[in-house]
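Notes to accompany the following structure.
Please treat every number below as a calculation from the coordinates, not as lab data. This structure is a prediction, so every number in the text was calculated from the model and none was measured. Note that we place each Cβ from the backbone using ideal geometry, even for glycine, and neighbour counts take in every protein chain shown.
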Amino acid sequence: PPIDNIINMHDFEVVAKAVLTDKAWAYYSSASDDEITIRENRLAYQRVWFRPRVLRDVSSVDWSTTILGQKSTLPVYISATALGKLGHPDGELCLTRAAAKHGVIQMIATLASCSFDDIIDAAAPGQIFFLQLYVNRDREITRKYVQHAEKRGVKGLFITVDAPQLGRREKDMRMKFVDDDAGAKVQENQKDVKKDQGVARAISSFIDPSLSWKDIPWFRSITKMPIILKGIATAEDAVLAYESGVQGIVLSNHGGRQLDTARSGIEVLLEVVVALRQRGYFPNPNFEIYVDGGVRRASDVLKALALGAKAVGVGRPFLYAFCAYGQEGVEKAIQIFRDEFEMNMRLLGARTLSELEPEMVDASNLTSH
Ligand code: FNR
């Protein structure tokens, strides 16, 4: 269908499913085990209700912000999703070009199909990137990768901590991996590629399951980039993260692709804010909280921000947008978010994101399932 027919994020998913190969659709859309968490990621936002304020002169509204001190036209960043070339010949460059044009921040995946340098080489002057890191068993490889990224101007290191092993994505496992799957390059030092368990498992066996809190000082010693832990799922670990000296956390269940029946990021946000506040750790401009998973509307984003998040990550919608329409699709997705922010902020009575406050939502049902 012509791109003009697309009016929301769900529409991209429908078109992507129609145009993708079975293997690509399985890899992108799958979640772990019974796919309960991925479903919950959407349901949780539906348990949060707005308490809109009126008569606040909302003739002009502004949804721009900063993320890790970097300007962003949206309180949304493009989260890392691996293997972009399974879905479009230009892969992640579709994201890069659209992000450049609209002032949105892209998080580059360790397992991107386009090489890190190809992505950075395609960037506009001053374009902001974050890097998602899977930590290699060979720390020398990780050290070089991180330091190279810093040298090339990356502004934040998002270490994925919820994937010591990749979850069982059964749709994906039913597909067989072949070496040249759309530039799905297997990491050099990988010894035991398992070709009979789907794309995800085949490309991820280099990831170090021994990673622990004790490793954080080492990361601090090799880079000056802000360090963010991606995949925090409890108040306990949010407190440990703060005390470990990192600059932020992403409350995430990896889009439902890791531990099935883990809770949604928006639900975890509630207990995290309480625990950090009790200890005097929140609010703190030097420690930002992000949420991802299931965000499909600006209204979802506004709920997360009202409850204490600084920004949210969006994965599949941008991915499906470029599978369906390339760079233009990603631009359209950004435009849809913009239109939704304008309308929803007016209707909610918030002129800027700093006017969002917990009283603007009723989250009393968020933790009842
Ligand atoms: C991901 N995600 C992910 N996360 C990560 O840290 N490293 C990675 O390589 C990937 N790869 C990846 C591939 C695909 C196909 C998907 C759908 C997701 C997780 C991603 O960064 C983010 O946490 C979720 O996608 C957020 O959920 P939504 O927005 O997809 O619902």
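Under the simplified labelling scheme, the Lys176-Phe50 pair shows an inter-label distance of 5.1 nm, with each label point 7 Å from Cα along Cα→Cβ.
For the peptides 307-315, 4-12, the ranking by packing is 307-315, 4-12, with the highest mean count of neighbouring Cβ atoms within 10 Å listed first. Simple point charges give the picture: +1 on the Cβ of Lys and Arg, -1 on the Cβ of Asp and Glu, and for the chain a dipole about the Cα centre of about 380 debye. For the chain, modelled as a GNM whose springs connect Cα atoms under 10 angstrom apart, the maximal fluctuation among Gly255, Gly265, Gly69 occurs at Gly69.
For each pair in Lys101/Lys176; Lys101/Lys151; Lys155/Lys214; Lys71/Lys332; Lys71/Lys151; Lys151/Lys303, compute the distance between the two Cα atoms and list the pairs where it is over 27 Å.
Correct reply: Lys101/Lys176; Lys151/Lys303.
The string of couplings for segment 20-32 from the Karplus curve (6.51, -1.76, 1.60, θ = phi - 60°) is 7, 5, 4, 5, 5, 4, 4, 5, 6, 8, 6, 9, 7 Hz, one whole number per residue in order, with x for Gly and Pro. Among Leu319, Leu166, Leu211, which one shows the highest mean-square fluctuation when the chain is modelled as a Gaussian network with alpha-carbon springs under 10 Å? Highest fluctuation of the listed residues: Leu211. Per-residue extension of 0.36 nm, minus the Cα-Cα distance of Ser210 and Ile36, leaves a gain of 59.9 nm for this segment. Build a GNM of the chain with springs between Cα atoms under 10 Å: which of Glu150, Glu35, Glu140 gets the top mean-square fluctuation? Of Glu150, Glu35, Glu140, the most mobile in the Gaussian network model is Glu140. Annotation for Ile7 and Ala124: the two label points, set 7 Å from Cα along the Cα-Cβ direction, are 2.9 nm apart. Dipole orientation for the chain: of the candidates Ala306, Met9, Ala202, Ala306 has the Cα lying most toward the positive pole (charges on Cβ; Lys, Arg +1; Asp, Glu -1).
Computed extension length for Glu236-Ala18: 74.3 nm, one decimal, from 0.36 nm per residue of separation with the Cα-Cα distance subtracted. The Cβ shell under 12 Å around Asp11 holds other residues with a net charge of +1, Lys and Arg each +1, Asp and Glu each -1.
Shape analysis of segment 218-346 places it in the prolate category; the axes a ≥ b ≥ c from the Cα gyration tensor give an a/c of at least 1.5, with a/b above b/c.
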